Structures are given as structure tokens and as C-alpha cells.
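Right, one structure below, let's go through it.
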């Protein structure tokens with residue numbers, strides 16, 4: 001990079017940091033890179049190929065600061081938690097008033113709020129920027145969700161809008177909102193991702209158990225689904241996964257993968273934050289619970305022979321028309337996905353009101369259309385719904401989605417009922433259906449719940465025929 005100052009810095013050269021730095025350089029920007037392990041800096045620079053001339057290796061924070069044009073801008077891609085605070089502390093010692101620090105890890109939004117307050121008091125500008133798309137997205141164009149200091153975003157925008165994924169209506173980035181808004185939106189994105197993946201997994205499990213479909217047949221089905229309303233990145237890669245054959249055994253690789261899922265915490269955070277706001281996200285919660293139960297592999301293995309009905313050695317098959325169940329699964333999966341997205345977007349709306357983020361839900365749906373893991377044709381419909389009605393209470397009351405759900409909900413009822421009858425767990429599908437049925441019902445049994453609370457705790461209740469709070473003596477005698 002010779003003696004030119006870099007427009008932006010990248011701190012942390014794990015795969016995401018390396019790929020993002022290459023992405024930035026490939027768009028014509030000069031980028032300075034730093035990692036605490038200096039060998040990684042040299043190794044990365046040596047492998048940068050034709051982009052080496054636009055990448056400046058730095059061996060200390062001071063060198064990084066000296067190599068950046070003013071105001072300095074540095075993106076952190078280090079492990080969330082204490083490592084972020086430690087690196088921010090080092091940068092504070094080398095940066096000056098007006099410089100910008102961007103945290104692009106999966107930080108909790110409360111930590112982002114705290115860091116923003118501390119850095120603002122020190123005269124620095126802070127941006128908490130969610131980034132989605134994995135390693136490939138970082139290299140080719142991710143979805144970027146920057147929140148925090150708005151003036152900092154305006155400085156960063158020329159780089160971010162070029163580096164982000166590009167879709168038909170613009171780059172997949174926008175200013176999200178103040179404070180921790182960017183990381184909050186990324187957290188909910190990940191919660192929706194949890195639900196989406198779990199829904200797909202449950203449909204796969206049901207078709208495999210109920211119809212005895214093998215991986216090749218499932219690949220054909222998912223490829224066909226990806227040409228319709230279910231078109232999305234996750235459906236696309238699921239078909240690819242079913243096609244992959246293990247080199248050693250000649251079997252479908254997916255059948256050899258241990259059924260124990262991991263998680264990094266953002267799905268759990270989504271559920272916790274929803275509870276804090278009194279917002280219901282049952283499909284996301286079911287997905288988190290399913291991962292927790294999957295971790296109990298040894299316990300499940302011990303329990304399986306105690307309740308043998310429906311186990312792989314003694315399968316219970318669906319006795320109806322094969323193609324009809326596959327079509328019900330397609331329709332049901334779409335209805336469940338709409339329900340899950342509706343839950344996530346409703347949570348964002350509640351957070352926007354509580355934390356004064358002033359989130360533009362239509363714009364958030366738009367920037368998720370490319371680069372990110374949950375990119376899907378469905379998002380264009382969501383964007384349009386909020387563009388038409390920015391104050392839309394829930395996607396389920398949008399006229400367009402109402403028509404689609406009306407057409408698909410019978411499929412969801414069918415797959416849930418078949419799963420229950422065959423003993424195939426479908427917690428996220430059932431939760432999506434329950435959310436829909438609860439939201440659309442004018443009267444719920446919460447009247448009895450309130451009567452019970454008043455009975456044992458004198459918590460009072462409201463009446464349907466007149467305003468006010470009431471308490472009654474419910475005991476007989």
C-alpha cells in the first residue's frame with residue numbers, strides 16, 4: 001500500500017476478518033489490517049494476491065492508527081465479550097476525538113449500548129454493526145446492519161454501500177438506529193434464522209419418517225420447492241446438502257452427521273429479550289429448545305428403546321397419498337415461515353418502541369434480501385407490506401399475507417397432525433401454528449387464568465362489560 005493512508009482498518013484476521021478485508025480491497029478501497037498474532041498479519045498479506053497492493057499490514061495498534069486517514073475508522077472482528085472491550089481499550093489509547101470504532105462481532109446489544117456511552121464520553125464515535133452472510137458473505141457481499149452514531153454511519157457509508165451485497169433495490173445496508181440498534185436487529189435476524197432452520201429440519205424429518213424418503217428424493221423435492229414461494233438460501237443449501245455423498249462410505253453425508261446441534265447464544269438472547277418486552281416468539285423459542293434437547297444425545301439414546309413406537313427400527317409410516325403429504329409439507333412450511341418471520345418482526349417493532357430505535361422494518365427486510373443467511377423471496381413481500389403500512393401491527397394482518405396464509409394454513413395443520421400421530425417431534429411447526437391460531441382468536445382462556453390469579457392471590461381482574469379492576473371471593477361457602 002506504499003505510503004498512502006488507508007480508508008478503513010480491519011482488526012481481527014480470522015476467516016471473517018480476512019474475507020471482509022479482501023472484499024473491501026476488491027472494491028478499490030485501501031484497507032489496513034491488524035491482528036494481535038503478528039504472524040497472521042504477515043501470512044494474510046502474503047496470500048492476498050493481486051489485492052496485496054491495497055492491503056496494509058500493521059504489527060501494532062499504533063501502526064494501525066498511523067496508517068489510517070482521518071477520521072480513523074476501524075472494524076473489529078474479534079470474539080464477542082471481553083476481547084472486544086480489550087481491543088477497544090487499545091484503540092482508545094491510539095485514536096483521537098472524532099475517530100470511529102465499529103464492532104462487527106455478535107455482541108449483545110446491552111454491551112453495545114454501554115460501549116457507545118463510554119466512547120461518546122471519550123470523544124470517540126462507536127458503531128455496533130451486525131454482519132450476516134458467513135464467510136462467503138464477508139468475501140462476496142454481506143448484509144450489514146450498522147447502528148449507533150449516525151454521523152459515523154455517514155462517514156462509513158461510501159465503503160459499506162460498496163462492500164454490502166447488492167440487490168435489485170440497492171445495497172444490503174442502511175442506518176439501523178441509535179445505540180445498540182444494529183446488534184439488536186442482528187440478534188433478531190439470528191433468532192429468525194434459528195426458527196427457519198428448525199422448521200426446515202422438522203419437515204425433512206417428517207418426510208423421511210412418514211414416507212421413507214431418501215436423501216436423493218429429498219434433494220429433488222427441495223430443489224423444486226426452491227423454484228416457488230419457498231425460494232431462499234436455506235432451502236437452496238438444504239438441497240445441496242442432500243446431494244453430498246461421503247467419499248469414504250458412499251452414503252449421503254447428511255445421514256452420517258451426528259444429530260447434536262450447537263449454538264452461539266443469539267437465539268437464546270432473542271428469546272430472553274422477547275420475554276423482557278412481553279413479546280411472543282414461540283417458534284424461535286422452540287428452535288432454541290430443540291437445540292438444547294439435541295445436545296442430550298446420550299439421554300435420548302437411552303430413552304429410545306423404552307418407547308419404541310416410531311423408531312427407525314420400527315417405523316410408523318403415513319398411509320395416505322405420498323404426493324399429497326409432500327404438497328401439504330410445502331404449503332405448511334411456507335405458512336410456518338411466515339408465522340416465524342411475523343414473530344421476529346413484531347419483536348423488532350416492540351424493541352423499537354421500548355428503546356426508541358425508530359426502526360424502519362421495511363428497510364430491514366430489504367437489506368436481508370441479499371448476503372445474509374435468511375435471504376429469501378419472502379422478504380420482498382415483507383418489505384412491500386411495511387412500505388404500504390409502516391405502522392403494521394403484525395404481518396399476519398397484512399392483506400397479501402392474509403390471502404397466502406388462508407391458502408396454506410391447512411397444509412400446516414396437516415403436517416402438524418401427521419407428526420403428532422406418528423410421534424415425530426415438530427415443536428417449531430406446532431409453535432408457528434399455535435401463534436397463528438392464538439393471534440387470530442378474539443377470545444382466549446386468559447379469563448380463567450385471571451380468575452385463578454384473583455382466587456389465590458387477589459391479583460384482581462378486568463371485566464368485559466365495564467371498566468375498572470375487580471376482586472371477588474371465589475371460594476364456596
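Looking only at the stretch 147-190, how many residues end up being part of a strand (DSSP E or B) and closer than 20 Å to residue 370 by Cβ?
Number satisfying all stated conditions: 6.
On the given criteria, is residue 114 surrounded by fewer than 22 Cβ atoms within 10 Å (Cβ to Cβ), out of contact with any helix residue (DSSP H, G or I) (no Cβ under 7 Å at 6 or more places or on another chain) and either touching a residue at least 24 places away in the same chain (Cβ under 8 Å) or not assigned by TED's automatic domain parsing to the domain that holds residue 13 (or both)?
Against the criterion (surrounded by fewer than 22 Cβ atoms within 10 Å (Cβ to Cβ), out of contact with any helix residue (DSSP H, G or I) (no Cβ under 7 Å at 6 or more places or on another chain) and either touching a residue at least 24 places away in the same chain (Cβ under 8 Å) or not assigned by TED's automatic domain parsing to the domain that holds residue 13 (or both)), residue 114 does not qualify.
Take the conditions outside the structural domain of residue 350 (by TED's automatic domain parsing), crowded, with 24+ Cβ neighbours inside 10 Å, farther than 27 Å from residue 342 by Cβ and modelled with pLDDT of 95 or more and apply them to residue 148. Does it pass?
Spelling it out, residue 148 is indeed outside the structural domain of residue 350 (by TED's automatic domain parsing), crowded, with 24+ Cβ neighbours inside 10 Å, farther than 27 Å from residue 342 by Cβ and modelled with pLDDT of 95 or more.
Looking at residue 27, is it at pLDDT below 95, touching a helix residue (DSSP H, G or I) at 6+ places or on another chain (Cβ under 8 Å), farther than 26 Å from residue 117 by Cα and not assigned by TED's automatic domain parsing to the domain that holds residue 372?
When the stated conditions are applied, residue 27 does not pass them.
Selection of the stretch 360-375 for residues being closer than 17 Å to residue 131 by Cα and outside any helix (DSSP H, G or I) yields 368, 369, 370, 371, 372, 373, 374, 375. I need the full set of residues from the stretch 117-135 which are touching a residue at least 60 places away in the same chain (Cβ under 8 Å) and assigned to a helix (DSSP H, G or I), in order please. Residues satisfying the conditions are 134, 135.
If you go through the stretch 383-393 and keep only what is over 23 Å from residue 167 (Cα atoms) and surrounded by 14 or more Cβ atoms within 10 Å (Cβ to Cβ), you end up with just 392. Exactly one residue out of 88, 102 is in contact with a helix residue (DSSP H, G or I) (Cβ under 9 Å, 6 or more places away or on another chain), assigned to a helix (DSSP H, G or I) and in contact (Cβ under 8 Å) with a residue 24 or more places away in the chain, and it is 88.
Do we have any residue at all in the stretch 156-170 that's assigned by TED's automatic domain parsing to the domain that holds residue 123 and on the phi > 0 side of the Ramachandran plot?
yes
Put simply, of 123, 191 the only residue that is outside the structural domain of residue 321 (by TED's automatic domain parsing) and either at pLDDT 95 or above or within 19 Å of residue 360 (Cβ to Cβ) (or both) is 123.
Name the residue, out of 422, 433, that is assigned by TED's automatic domain parsing to the domain that holds residue 300 and at pLDDT 95 or above.
Going through 422, 433 in turn, the sole match is 433.
Only residues that are touching a residue at least 60 places away in the same chain (Cβ under 8 Å) and surrounded by 15 or more Cβ atoms within 10 Å (Cβ to Cβ) were counted across the stretch 211-234, and they come to 8.
Here 453, 463, 476 are screened, and the one residue that is more than 19 Å from residue 395 (Cβ to Cβ), in a loop (DSSP other than H, G, I, E, B) and at pLDDT 95 or above is 463.
The values are calculated or read from the model by the stated rules, or taken from the named source; none is laboratory data. Computed from a predicted model, the values in this text were never measured in an experiment. Don't worry about glycine lacking a Cβ; one is built from the backbone with ideal geometry, like all the others, and counts go over all protein chains shown.
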